[in-house]
Structures are given as structure tokens and as C-alpha cells.
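Down below is the structure, laid out as C-alpha cells.
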Amino acid sequence: MQDVIVIGGSYAGMAAALQLLRARRKVLVIDAGQRRNRFVSASHGFLGQDGVDPARIWAEARAQLRAYPTLSWVEATAAEVSGAKDDFRVTTTTGEQFAGRRLLLATGVSDELPEIEGLAARWGKGVFHCPYCHGYELDQGRIGVIATGPMSIHQAQLLPEWGEITFLTNDRFSPDADQRADLARRGVTLEETPIARLTGLADVELADGRILPFAGLFTATRTSPASPVAAALGCALSETIFGLQIQTGDSKETSIPGVYACGDVARAPHTVSLAVGDGAWAGAQLHRSLVWPDG
């Protein structure tokens, strides 16, 4: 019987596990190795790790966790979860079953990308979602913002901090008069011709044949939990401007007693720094729930 089973061993899950391991609690991490930022070669904005390959950050963090004797780590995907507080059972896709007093869902999210030819192949290389993570490296060059809906206006308004912006509405959004005036004040160029495809690193070929070269592109994805486990458990989900996420209270406990959630799947906005902080808090709250189970 584990004290806590952590489903998802990326940044938030490991940050939570670290707090519990340092309290000498038995922790099992079940991880399939599908980090959300696996497409990028460098992580930015994370204090002490700025510009470091995220795969290296992850590997070094896991090595540090493995120094604690109460850690168990299973490379697998959680397929089914059953039971209740103090007696949960997790079954993996390989048929292994594990028992734990508490569950922590740190599964991360999946990004629903715009259906534009060539975009998926450039995700994390020439196309991004977070300017704080990738804007600086574009060196104040030409940046395109690809609209996916009404919320994209905020990306177009924010990104002039990082370069010369063209807002590509792509038939997904039409700014009103006030928004057009605001974009003009910010020096944003409005391009309303639909996008045919992406070429090069971050060049946009429009439906009329014009090609607009950019140093990089930004777009707002829609996110949803990367694993169906939360929904299967009956955890309450909520709709945010970024997409679907697991509802939690201040202690990071979900609507199901004994089940907690942290990281991108349970908070917004999303960065590595915020995921690590959220995980550390969740780990401490999980420990408190074991010390004061009726508190």
C-alpha cells in the first residue's frame, strides 16, 4: 500500500512527489514519458534552468527523486482507477495493479492544434503558445499570431512586447471596430486572408498565394486532460479560456475525496514554473491529509 500514487511524472508530479518523499512517505509514480513540452529543445522562464533542454531538466529531477528510498517508479500508462479514499487501486495498460491511500492526478494536458497544413510539424519549433516561454528568442523580429477564436485578440494585443506583430484572423475571428483601433494603436498589422499552409520554419502561405515570412508564430490551442482517468473517476471538470481542466479546491483536492490534481491539468495559465509550484503545494497538502485525515 502506497501513501500516494502519482499518475504523471512530469514537472508537477515530480515536484509533488519530492515533498512527500522528504516526509518519508511511500510514493509511487506512474509515468508514460509524454511530457507536454517534448517538442521544444529549450525551456525558458524557469528560474535556474533558463535555456536548458527540458528533457535534461526532467531526467535530472527524476534522478534526484530516485535518491529517496521510499520512491517507486513505473513506466506505464494508468488505464483504470477504482476504490475510495485510503484504498485506491490503479491498473496500468500492462495489467499491473497498485494500491494507494491517496491519488494525485498530474497527467498534464493535450493541445488541440489548429487544422492548418504544416502547423503540427512546426509545433514547438516555429509555432508556440506562450510568449513568456519563447518570445524573447525571436529577437524582436516579425511575429505572426494565428487566430483560433475570440480569445486570440489577447495574444495579438500582448505580443507587440516581443516584436512586430501580424494578426492572421484566418476566418476564425473578426475584430470589432474598437478592437481594430486598439490593434492599430499597438502597431499590429491585420491580415484577414485565410491561411493555406505553413512552410519553412514559420512562413505563412495565404490563400491568395502570398507568402509572409516570420521569425515565429503564436497560436492559442485548446487544452484538455491528457488522460481520461479524471473523467472516469467522476472528478468535476471546468471550462476555462484555455480549455477543460480538473476542478480543485485550495488544497488541490478534487471533487472526489482523496483524489488530488496539480499542474497544467488543474490550473491555468501553463508554464513549467507554475506547474512546479503547483505540484509542490499539492505535495504538501497531500502530506497534511495523511497526517490529519479528518482535518
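Read-outs throughout are calculated quantities, based only on the coordinates presented, and are distinct from any laboratory measurement. Since the structure is predicted, the reported quantities are computational estimates derived from the model, not experimental observations. Here Cβ is always computed from backbone atoms with ideal geometry, including for glycine, and neighbour counts include all displayed protein chains.
Modelled label positions at Cys130 and Ala99, each set 7 Å beyond Cα in the direction of Cβ, lie 3.9 nm from each other.
With springs connecting C-alpha atoms under 10 Å apart, model the chain as a Gaussian network and identify which of Asp53, Asp250, Asp264 has the largest mean-square fluctuation. Result for the chain, Cα springs under 10 Å: Asp250 fluctuates most.
What are the aspartates and glutamates whose alpha-carbon lies under 18 Å from the alpha-carbon of Lys125, with same-chain residues fewer than 8 places away excluded? Within the straight-line limit of under 18 Å, Lys125 reaches these aspartates and glutamates: Asp50, Asp53, Asp111, Glu112, Glu115, Glu117, Glu137, Asp139, Asp203, Glu205. Taken as entire DSSP H runs, the helices of the chain that both span 24 Å or more between Cα atoms along their own long axis and average -0.5 or more on the Kyte-Doolittle scale are 272-291.
Please work out the FRET efficiency for the pair Ala55 and Ala184, using the Cβ-Cβ distance as r and a Förster radius of 30 Å; give the result to the nearest 0.05. In this case the efficiency is close to 0.10. Spin-label model, Glu239 to Arg197: label points 7 Å out along the Cα-to-beta-carbon direction sit 3.5 nm apart.
In terms of surrounding Cβ atoms within a 10 Å radius of their Cβ, Tyr11, Tyr68 rank from fewest to most as Tyr68, Tyr11. Maximal additional length on extending the Arg66-Glu161 stretch stands at 30.1 nm, based on 0.36 nm per residue less the C-alpha distance.
Mean residue ellipticity, 222 nm, helices only, the chain: the sum of -39500 (n - 2.57) across DSSP H runs of n ≥ 4, divided by residue count and rounded to 500, is -7000 deg cm²/dmol. Isolated cysteines in the chain, defined as those with no second cysteine Cβ under 4.7 Å, comprise Cys235, Cys262. Couplings 3J(HN,Hα) for the stretch 228-234, derived from phi with the Karplus relation 6.51 cos²θ - 1.76 cosθ + 1.60 (θ = phi - 60°), are x, 4, 4, 5, 5, 6, x Hz, where x marks Gly and Pro. Which lysines, if any, have their Cα less than 25 Å from the Cα of Lys85, not counting same-chain residues under 8 positions apart? Correct list for Lys85: Lys26, Lys252. Using alpha carbons only, the radius of gyration of the chain set against its Kirkwood radius gives Rg/Rh = 1.03. Taking amide H as placed 1.01 Å from N in the peptide plane, Gln2 has its amide H under 5 Å from the amide H of Ala99, Gly100, Arg101, each at least 5 places away in sequence or on another chain.
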